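Asker: The structure is given below, and queries will be raised subsequently.
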Amino acid sequence: MLSKKAVYAVRALTILAEVAPRPMTTGEIADAGSLPRKFLEAILLDLKKAGVTDSVRGREGGYRLARSPETVTVAEIIRAIDGPLALMPCASVTRYAPCADCRDPEACRTRKVFARGRDALASVLEGSTLADLAGPSSTPLAEAG
């Protein structure tokens, strides 16, 4: 299950994608997404460290996407906040670690099932970008700003 932090990160970045490349203040993002402001500040800092957002100083400043919405995947956002997509470390591509009690990871049937599940999930999330989420079916914020 995704953490609230990851869900809020996806929502906040979708809002930024809708107004890209214009920056928004934390308060504007929080209001637009009904997100808790203090928690959002920590999330945006984590996303900045991960290279997903950057910040602009000054009166017209705030946070914005560091890259175009078409290049930021939902999988990247989740990994930046929650870590690997896999449910077990032995099934992870980005942070593989064998189970301590596993005799033969290559022959482990459990690992194979969870690796297939990770692959299916990763396929969907890596194939979905912020541009998809901020697409025409959503309410554009660019017109309001």
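The values are calculated or read from the model by the stated rules, or taken from the named source; none is laboratory data. Since the model is a prediction, treat every value here as computed from it, not as a measurement. With ideal geometry, Cβ positions are generated from the backbone for all residues, glycine too; neighbour counts draw on all protein chains shown.
Asker: Right, Arg57: within 26 Å of Thr25 (Cβ to Cβ) and either surrounded by fewer than 17 Cβ atoms within 10 Å (Cβ to Cβ) or over 13 Å from the mean Cα position of the chain (by Cα) (or both) or not?
Answerer: When the stated conditions are applied, Arg57 passes them.
Asker: Using beta carbons and a limit of 9 Å, which pairs, at least six apart or on different chains, have the first residue in the stretch 1-28 and touching a residue at least 12 places away in the same chain (Cβ under 8 Å) and under 11 Å from Tyr63 (Cβ atoms) and the second one surrounded by 19 or more Cβ atoms within 10 Å (Cβ to Cβ) and aromatic (Phe, Trp, Tyr)?
Answerer: Close Cβ pairs (under 9 Å, with a partner that is surrounded by 19 or more Cβ atoms within 10 Å (Cβ to Cβ) and aromatic (Phe, Trp, Tyr)) amount to Ala12/Tyr63; Leu16/Tyr63; Pro23/Tyr63; Met24/Tyr63; Thr25/Tyr63; Thr26/Tyr63.
Asker: Among the numbered conditions (1) surrounded by fewer than 17 Cβ atoms within 10 Å (Cβ to Cβ); (2) in a helix (DSSP H, G or I); (3) touching a strand residue (DSSP E or B) at 6+ places or on another chain (Cβ under 7 Å), tell me where Ala42 comes up short.
Answerer: Condition (3) is where Ala42 drops out.
Asker: Read through the list (1) under 27 Å from Pro136 (Cβ atoms); (2) surrounded by 15 or more Cβ atoms within 10 Å (Cβ to Cβ), then give the number of the only condition that Leu2 fails.
Answerer: With respect to (1) under 27 Å from Pro136 (Cβ atoms); (2) surrounded by 15 or more Cβ atoms within 10 Å (Cβ to Cβ), Leu2 is out only on (2).
Asker: Given the criteria among the aliphatic types (A, V, I, L, M), part of a helix (DSSP H, G or I), farther than 19 Å from Leu13 by Cβ and at pLDDT below 95, does Val113 qualify? Break it down stepwise before answering.
Answerer: Numbers: among the aliphatic types (A, V, I, L, M): yes; part of a helix (DSSP H, G or I): yes; farther than 19 Å from Leu13 by Cβ: yes; at pLDDT below 95: yes.
Taking the combined requirement at face value, the residue satisfies it.
Asker: Look through Arg95, Arg79, Arg67 and report the one residue that is among the basic types (Lys, Arg), closer than 25 Å to Asp132 by Cα and part of a loop (DSSP other than H, G, I, E, B).
Answerer: On the way: Arg95 fails: closer than 25 Å to Asp132 by Cα; Arg79 fails: part of a loop (DSSP other than H, G, I, E, B).
Every option except Arg67 fails the conditions.
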